[in-house]
1. Which residue, S56, S12, S149, has the most motion in a Gaussian network model of the chain that connects Cα atoms within less than 10 Å?
2. For H169, H64, give the ranking by accessible area with the largest first, probe 1.4 Å.
3. GNM on the chain, C-alpha springs below 10 Å: top fluctuator among G122, G107, G130?
4. Give me the percent of accessible area attributable to carbon and sulfur for the stretch 32-188, probe 1.4 angstrom.
5. A 30 angstrom limit on the alpha carbon distance is what I want to check against. Which of K7/K84; K84/K126; K7/K174 exceed it?
6. Considering only the other residues whose Cβ falls under 12 Å of the Cβ of N82, what net charge follows from Lys and Arg at +1 and Asp and Glu at -1?
7. Taking a ≥ b ≥ c as the square roots of the Cα gyration tensor eigenvalues, with a/c under 1.5 meaning rounded and otherwise prolate when a/b beats b/c, else oblate, which class fits the chain?
8. Given Cα pairs under 8 Å that are at least 6 residues apart, what percent is the relative contact order of the chain?
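The values are calculated or read from the model by the stated rules, or taken from the named source; none is laboratory data. Note that the structure is predicted; figures quoted are calculated from it, not measured. No Cβ is skipped: glycine too gets one built from the backbone with ideal geometry, and neighbour counts run over all protein chains shown. For accessibility, only protein heavy atoms count, side chains too; no ligands or nucleic acids. Shrake-Rupley method; radii C 1.70, N 1.55, O 1.52, S 1.80 Å.
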Amino acid sequence: MIMTSKKITGRSIAYLMGSASENGRPIVKLLPKDNPVVRLFLEELHICYLAGNEESYEYIQNRHLEEDGVSPDELHQIGLRNLKRLTIERNFRVQPYGNVFAFMMNGDFEASVMLLDEFWDGEFQKFVAGQYAVAVPARDVLVFCDAQSPAGIVELQQIIDRIWPAGDHLVSNKIYLRQHHTWQVRRS
């Protein structure tokens with residue numbers, strides 16, 4: 001079970017999402033205290049924090065940090081810890097498909113697993129010989145391959161193209177590379 005706490009921040013789960021803006025401007029304007037807590041991850045990728053259950057989630061807002069006496073960095077660590085726990089509880093699996101591997105755990109947080117370094121630095125190493133190439137086109141899709149596999153890169157792009165731009169809960173239409181324990185956008 002996810003860590004329980006009377007404080008909403010103690011139940012937060014780190015959630016990877018794409019940009020919530022159009023042409024660099026916010027889509028919705030809220031009072032600062034009502035804005036969701038957002039942390040930049042990589043270029044247009046951001047981390048938000050959700051609390052709830054499989055039926056509904058709510059965003060952790062800036063006011064929750066103040067109410068619970070939690071810093072943004074503490075929230076981030078709580079969110080990552082709860083994401084890892086959720087991933088393990090949902091009995092994730094990695095399934096080969098052609099030249100790529102699909103990470104599956106039957107939920108809304110597959111793409112968010114990109115945030116869990118210990119999976120990339122440990123559990124997933126048996127699937128690639130070198131560096132990772134990863135696509136996270138929607139919140140429930142995470143596929144990866146060895147970055148040196150031309151066929152794998154083509155398949156990642158095909159998966160992105162099938163989902164973008166008409167998919168649901170889109171995250172990114174880019175391929176990411178993991179090098180030296182950090183992520184970067186793959187440049188063609």
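1. Of S56, S12, S149, the most mobile in the Gaussian network model is S56.
2. Working: H169 85, H64 10 Å².
From most accessible down to least: H169, H64.
3. Largest GNM mean-square fluctuation: G122.
4. Numbers: 3790 of 8030 Å².
On the stretch 32-188, the fraction of accessible area on carbon and sulfur atoms equals 47 percent.
5. On the way: K7/K84 19 Å; K84/K126 19 Å; K7/K174 36 Å.
K7/K174, as the Cα separations exceed 30 Å there.
6. Details: positive: R11, R81, K84, R85; negative: E89.
Taking every Cβ under 12 Å from that of N82, the sum is +3.
7. Working: a/c = 1.99, a/b = 1.50, b/c = 1.33.
Since a/c reaches 1.5 and a/b is larger than b/c, the shape of the chain is classed as prolate.
8. Working: 342 pairs, mean separation 36.4, N = 188.
Here the relative contact order equals 19 percent.
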